[in-house]
1. Tally time: how many residues in region 251-272 are under 21 Å from Lys91 (Cα atoms), more than 7 Å from the ligand (Cβ to nearest atom) and part of a loop (DSSP other than H, G, I, E, B)?
2. Does Lys295 qualify as being surrounded by fewer than 22 Cβ atoms within 10 Å (Cβ to Cβ), among the basic types (Lys, Arg) and either within 16 Å of the ligand (Cβ to nearest atom) or at pLDDT below 95 (or both)?
3. From the residues in region 232-245 that are away from the ligand (no atom under 12 Å from the Cβ) and under 20 Å from Tyr287 (Cα atoms), which one is surrounded by the fewest Cβ atoms within 10 Å (Cβ to Cβ)?
4. Can you tell which of Ile105, Ile36 is under 22 Å from the mean Cα position of the chain (by Cα) and touching a residue at least 60 places away in the same chain (Cβ under 8 Å)?
5. Of all residues in region 97-125, which are at pLDDT 90 or above and within 10 Å of the ligand (Cβ to nearest atom)?
6. How many residues does region 77-103 hold that are assigned to a strand (DSSP E or B) and either surrounded by 18 or more Cβ atoms within 10 Å (Cβ to Cβ) or out of contact with any Lys or Arg (no Cβ under 9 Å at 6 or more places or on another chain) (or both)?
7. So which residues in region 260-282 are open to solvent by less than 20 Å² (accessible area, probe 1.4 Å), of a type in the set (A, V, I, L, M) and over 15 Å from Ser247 (Cβ atoms), if there are any at all?
8. Go through region 193-225 residue by residue and tally those that are over 23 Å from the mean Cα position of the chain (by Cα) and either open to solvent by 60 Å² or more (accessible area, probe 1.4 Å) or acidic (Asp, Glu) (or both).
Amino acid sequence: MKMVDCAIVGKGPAGLSASIYVVRSGLNVAVIGRDIGALSKSEKIENYFGFEHPISGHDLIDRGTAQAERLGVEIITAEVTGAVMTDHGFKLSSNEESIECRSLILATGRPRKKPSIEGIKEYEGAGLSYCAICDGFFYRGKNVAVLGSGNYALQEALELLSYASSVTILTNGRKLESDIEPDNRIEVNTDPITRIEGGDGFVSGIRFDSDEFLSVDGIFIAEGTASALDLANGLGVATANNVIEISEDGATNLPGVFAAGDCTGALTQVAVAVGQGAIAGLSAAKYIKKAKSDK
Ligand SMILES: Cc1cc2nc3c(=O)[nH]c(=O)nc-3n(C[C@H](O)[C@H](O)[C@H](O)COP(=O)(O)OP(=O)(O)OC[C@H]3O[C@@H](n4cnc5c(N)ncnc54)[C@H](O)[C@@H]3O)c2cc1C
């Protein structure tokens with residue numbers, strides 16, 4: 001397992017900027033990101049300081065990546081599927097290797113929208129959860145389903161195996177695409193879903209387009225990639241209105257965890273993400289140095 005002073009989830013402007021400040025403080029840092037993030041769709045940026053002519057999102061990120069790597073930042077292309085606290089800091093699981101760190105910076109961009117399946121809103125907190133680490137315990141010996149079709153869904157399903165008596169992944173018409181080692185105790189159902197049904201105000205199961213019904217006691221939403229909110233919820237980091245709450249120095253409520261960029265609900269601009277990244281990076285470096293000197 002890799003151990004670094006600081007791990008940063010997200011290789012967009014916020015994460016890369018943070019990494020530059022951490023590495024220049026003399027600490028080792030790994031940036032783990034799935035792809036280039038929001039800027040992948042931006043052909044022309046002409047409001048970012050220092051560029052006389054418009055630059056594409058890809059070019060801007062390539063430059064930031066090269067700058068960070070030249071300074072000694074390790075950049076890993078991987079999808080983080082979960083984060084937990086350890087005795088020494090935090091551990092990130094991913095579809096590649098696991099990483100341990102003393103301090104963690106979340107820079108995962110704007111959280112995705114919730115899936116639009118009838119019943120989701122209605123049963124939130126009543127059998128419908130967004131975090132296996134947080135709520136898995138409540139489903140000991142029960143039947144649960146995980147809604148999703150990628151690495152994150154499989155990771156959540158694996159987590160639930162320690163509690164539930166049966167775990168079914170529901171891909172809602174998609175193919176399960178994951179490069180994490182599966183477990184044959186996990187069932188996979190690819191049928192399109194019509195709605196989530198309940199009785200007495202609590203989830204009772206899933207109705208499929210075929211009119212078949214799967215009876216479950218709980219449903220865990222794990223569509224797409226783990227978002228900032230999913231990672232925050234797993235750690236106990238405070239969120240509000242779908243963003244991570246931070247103080248002026250980029251710190252969350254959990255010592256050692258910082259956040260920057262779109263995931264904090266800041267103005268969605270590169271300049272803001274880069275600025276918040278700088279603040280979070282410096283704060284994380286200060287935190288790590290203090291933790292080392294206190295030992
Ligand atoms: C079409 C478009 C055009 C835009 N044009 C402009 C513009 O002209 N000027 C401007 O200033 N701003 C523009 N923006 C806004 C700008 O892109 C964002 O504000 C900025 O990219 C935010 O940076 P970030 O680092 O917070 O998030 P992002 O750039 O979104 O980066 C998020 C990172 O987190 C990673 N990630 C997320 N979840 C995981 C996970 N579970 N595991 C691993 N990695 C993960 C992603 O792969 C990515 O690397 C535009 C945005 C869009 C969508």
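The values are calculated or read from the model by the stated rules, or taken from the named source; none is laboratory data. A quick note: this is a predicted structure, and the numbers were derived from the prediction, not measured. Because the Cβ atoms are built from the backbone with ideal geometry, glycine has one as well, and the counts that use them run over all protein chains shown. Accessible surface areas use protein heavy atoms only, side chains included; no ligands, DNA or RNA. Shrake-Rupley method; radii C 1.70, N 1.55, O 1.52, S 1.80 Å.
1. Taking region 251-272 first, the residues under 21 Å from Lys91 (Cα atoms) are 251-260, 263.
Filter once more, so that each one left must be more than 7 Å from the ligand (Cβ to nearest atom): 251-259.
Checking which are part of a loop (DSSP other than H, G, I, E, B) leaves us with 252-256.
Count: 5.
2. Numbers: surrounded by fewer than 22 Cβ atoms within 10 Å (Cβ to Cβ): yes; among the basic types (Lys, Arg): yes; either within 16 Å of the ligand (Cβ to nearest atom) or at pLDDT below 95 (or both): yes.
Yes, satisfied.
3. This residue is Ala238.
4. Details: Ile36 fails: touching a residue at least 60 places away in the same chain (Cβ under 8 Å).
Answer to the check: Ile105.
5. Leu106, Ala107, Thr108, Gly109
6. The first filter runs over region 77-103 and keeps only residues assigned to a strand (DSSP E or B), leaving 77, 80-85, 90-94, 99-103.
Checking the rest, the ones that are also either surrounded by 18 or more Cβ atoms within 10 Å (Cβ to Cβ) or out of contact with any Lys or Arg (no Cβ under 9 Å at 6 or more places or on another chain) (or both) come to 80-83, 90-94, 99, 101-103.
Number of matching residues: 13.
7. Matches in region 260-282: Ala273, Ala278.
8. Here the count works out to 11.
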